[in-house]
Amino acid sequence: MLKTNWHTHTKRCGHAIGTDEEYVLAAIQGGVKTLGFSDHAPYKEPNPGSRMNIEEYGDYKKSIRSLKEKYSDQISIHLGLEVEYYPDQWEELSLYRKELDYLILGQHEITYNGISAYHIDKGDDLLDYVKAIEAACEHSLCDYIAHPDVALWRYPGIDGSVKEAAKRIAEISSFYNMPVELNCGSGVLHGPKTYTDGTRYAYPTRLFFGEFAKKGCPVIIGLDIHKPELFLTDKYLDRALSVVEGLNCNIIYDYDLITAAKERKKKFY
Ligand SMILES: [Zn+2]
Ligand SMILES: [Zn+2]
């Protein structure tokens, strides 16, 4: 069981279930000591089913902060969001950066309302996805890179562009000392899929984590929870760990993301 999880959603995003309090109670029951909420950030236009509505942001902050107080003797709760690097949503992103404890980067689209990371099937798009991640790190927008290999969801298979993307993200992580996430969400939840290089989970991918291991990149495990009961099983954590078995990844189980975030926020621009 993990004692720290920074990647937790709420039902506001439209594809998670349960009350905020049910997440907290399940986390406590599952042995979590440090719990970060990082629901999908709202932007200017509503996107029901994918992210919370901007009108719900106030309630999100209020609810998580009140649970933080209520359960402070049992669990340490922190308030964040999962954001994308979208230059045309900088007003919202700056506000989140300023007032929240931390932000994680889940680059689900290359650009705002652009190509979905789940639909990428061309090398050029994959490298544009990498550029967005690099820009987020350069601006100190985020405190870790969630599912860095999510763009392989529909990508036909490991080829030269994938190898290049893995290498570049490892270089970015190493250069900015930006942790990368070993994600226990959709990639392993949906089970193995067939690609041109064989049958495997869409992500995490051994190729990416091999590059991260070579560079000594800090790795944080993220459960990417969309259902409270998932705090009570190690099934998906074990699947994610099986992918990187024997790679000597620099997994940091008790990474102090909040202290790191304070430093990064000073460099945000
Ligand atoms: Zn989600
Ligand atoms: Zn997520």
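The table below gives the values:
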item: Residue count, the stretch 76-109 (criterion: in contact with a Leu (Cβ under 9 Å, 6 or more places away or on another chain) and either aromatic (Phe, Trp, Tyr) or surrounded by 17 or more Cβ atoms within 10 Å (Cβ to Cβ) (or both)); result: 19
item: Qualifying strands (runs of 3 or more DSSP E) (wholly inside the stretch 105-217; at least 1 residues being in contact with an Asp or Glu (Cβ under 9 Å, 6 or more places away or on another chain)); result: 180-183
item: Residue within the stretch 116-126 that is under 19 Å from the mean Cα position of the chain (by Cα), surrounded by 15 or more Cβ atoms within 10 Å (Cβ to Cβ), at pLDDT 95 or above and farther than 21 Å from residue 203 by Cβ present; result: no
item: Single residue of 77, 17 found to be assigned to a loop (DSSP other than H, G, I, E, B) and closer than 26 Å to residue 237 by Cβ; result: 17
item: Residue in the stretch 65-76 that is within 14 Å of ligand 2 (Cβ to nearest atom), at negative phi and either of a type outside the set (Gly, Ala, Ser) or in contact with a Phe, Trp or Tyr (Cβ under 7 Å, 6 or more places away or on another chain) (or both) present; result: no
item: Some residue of the stretch 106-117 being under 27 Å from residue 257 (Cα atoms) and in contact with a strand residue (DSSP E or B) (Cβ under 6 Å, 6 or more places away or on another chain); result: yes
item: Every pair of residues 6+ apart whose Cβ atoms lie under 8 Å, when the first sits in the stretch 43-61 and is within 16 Å of ligand 1 (Cβ to nearest atom) and outside any loop (DSSP other than H, G, I, E, B) while the second is at pLDDT 95 or above and among the aliphatic types (A, V, I, L, M); result: 60/52
item: Pairs, first part of a loop (DSSP other than H, G, I, E, B) in the stretch 251-269, second of a type in the set (A, V, I, L, M, F, W, C) and modelled with pLDDT of 95 or more, C-beta under 6 Å, six or more apart; result: 255/220
item: Candidate set from the stretch 3-12 (those that are part of a loop (DSSP other than H, G, I, E, B) and within 13 Å of ligand 1 (Cβ to nearest atom)); member that is nearest to the chain's Cα centre (by Cα); result: 7
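Matching residues to (1) within 16 Å of ligand 2 (Cβ to nearest atom); (2) surrounded by fewer than 20 Cβ atoms within 10 Å (Cβ to Cβ); (3) over 19 Å from the mean Cα position of the chain (by Cα):
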residue: 1; (1), (2), (3): no, yes, no
residue: 14; (1), (2), (3): yes, yes, no
residue: 25; (1), (2), (3): no, yes, yes
residue: 34; (1), (2), (3): no, yes, no
residue: 39; (1), (2), (3): yes, no, no
residue: 51; (1), (2), (3): yes, no, no
residue: 55; (1), (2), (3): no, yes, yes
residue: 63; (1), (2), (3): no, yes, yes
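The values are calculated or read from the model by the stated rules, or taken from the named source; none is laboratory data. Just so you know, these numbers come straight off a predicted model, no measurement behind them. Neighbour counts are summed over all protein chains in view; Cβ atoms, including those assigned to glycine, are modelled from backbone coordinates with ideal geometry.
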